[in-house]
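The values are calculated or read from the model by the stated rules, or taken from the named source; none is laboratory data. Owing to the predicted nature of the structure, the values given are computational and were not obtained by experimental measurement. Every residue, glycine as well, gets a Cβ built from its backbone with ideal geometry; the counts of neighbours run over all protein chains shown.
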């Protein structure tokens, strides 16, 4: 054996794929150790055998013709050209393969070098990924309560599910390729709201709001909308996903509830009766273990706490008297000063630049929220609710409680005015 032949054999042996060399008649002349591992034959068993021994039976009759066509015009054929190919092991089992062919000029004629790669694992991954994509597609298409669709970076609709058809009234054929701005009112279009939303989502990653949207027939519905930006690994904007939910009925129910709350609160001008009414209204929105109203006290420049209601059996909390709380070192003081709600979820990593109320230490309270009472005369104080369960309050709870707090502020302002009038009357 020449040094050239020995070097060629070493290169063949070092190849990561199964390598076989066949002559023009299809006889196997050489095979490497990877071929033995992949097909289960020894090299001695393969030598001088037709290469069709490595092909499943159902394809063997057609292979000589393919081999003859290749021998008539030998040329390099790379892997991954879209052919569905399979190999056959010695035990009869088959597996998916990719094969590259290279002609090798020899004095006795043209030989063919075949590199055979087992792609079983890759096919399994591709099939699992395809199945996952198909399940996700079916899930999105069959969701009927949410309009879920994709937008390109400019805002044109790329996909359209059944929920979008039901909620907005357009079929996929009517809307795909159209700009999503057609779902907005003329007022929103005048101030370029659709493009502002996309710009905000692209910059922040996500944009969410509630607002009016238009159906195909021109009718309006109150929608909860979430737009999420999609980026590639390099940060380039690929497009957006948009999820829209029709919450018109929920909005109407909430407005009716707030109307009842307003009636209940405004009908009580006595402070103590009003506190009881506030507790009753708030409990309809969210269960709690302890609730207070903190009203700003001008003479002391502090917040005066009024206990609204405590959980059943907690007589100690019920018996607490009014107390004064400083504006500077309390959650209620922060909420009053900043005029913004404050939510304590009860997570271990939460940290605040003030001390928690004493109730959190000796009443085992885990979570809470503080809502500013903003009326016509400014901020009157805060509505405060607490729970012994961590995570009891959510952002949605804060939103509805903020609306109730507005009515509480009006009612409390009226009650305070009535109290002042009563005091003046007594003085007279």
*Considering every residue within the stretch 92-103, establish whether at least one is in contact (Cβ under 8 Å) with a residue 40 or more places away in the chain and loosely packed, with under 13 Cβ neighbours inside 10 Å.*
no
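Here is a yes/no grid of residues against (1) under 14 Å from residue 114 (Cα atoms); (2) surrounded by 15 or more Cβ atoms within 10 Å (Cβ to Cβ); (3) out of contact with any helix residue (DSSP H, G or I) (no Cβ under 8 Å at 6 or more places or on another chain):
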| residue | (1), (2), (3) |
| --- | --- |
| 13 | yes, no, no |
| 18 | yes, yes, no |
| 23 | yes, yes, yes |
| 50 | yes, yes, yes |
*When the stretch 55-82 is examined, which residues are found to be closer than 20 Å to residue 119 by Cβ, touching a helix residue (DSSP H, G or I) at 6+ places or on another chain (Cβ under 6 Å) and not in a loop (DSSP other than H, G, I, E, B)?*
63
_Tell me the residue from 68, 26 that is on the phi > 0 side of the Ramachandran plot and free of Cβ contacts under 8 Å to residues at least 60 places away in the same chain, please._
26
*Looking only at the stretch 202-220, and only at residues there that are more than 22 Å from the chain's Cα centre (by Cα) and in a strand (DSSP E or B), the one that is nearest to residue 237 (Cα to Cα)*: 213
*Enumerate the strands (runs of 3 or more DSSP E) found wholly within the stretch 93-201, keeping only those where 3 or more residues are assigned by TED's automatic domain parsing to the domain that holds residue 20 and at pLDDT 90 or above.*
94-106, 109-118
_Matching residues, the stretch 289-304, being touching a strand residue (DSSP E or B) at 6+ places or on another chain (Cβ under 7 Å) and over 16 Å from residue 405 (Cα atoms)_ = 289, 290, 297, 300, 302, 303, 304
*asked:* If residue 57 satisfies all but one of (1) surrounded by 15 or more Cβ atoms within 10 Å (Cβ to Cβ); (2) closer than 19 Å to residue 85 by Cα; (3) out of contact with any strand residue (DSSP E or B) (no Cβ under 7 Å at 6 or more places or on another chain), what's the number of the condition it fails?
replied: (1)
*Selection within the stretch 29-48 - assigned to a loop (DSSP other than H, G, I, E, B), surrounded by 14 or more Cβ atoms within 10 Å (Cβ to Cβ) and in contact with a helix residue (DSSP H, G or I) (Cβ under 7 Å, 6 or more places away or on another chain)*: 32
_Selection within the stretch 32-84 - within 14 Å of residue 99 (Cβ to Cβ) and more than 51 Å from the chain's Cα centre (by Cα)_ = 51, 52, 67, 70
*buried (at least 16 other Cβ atoms within 10 Å of the Cβ) and either in contact with a strand residue (DSSP E or B) (Cβ under 9 Å, 6 or more places away or on another chain) or not in a strand (DSSP E or B) (or both), is that true of residue 87?*
yes
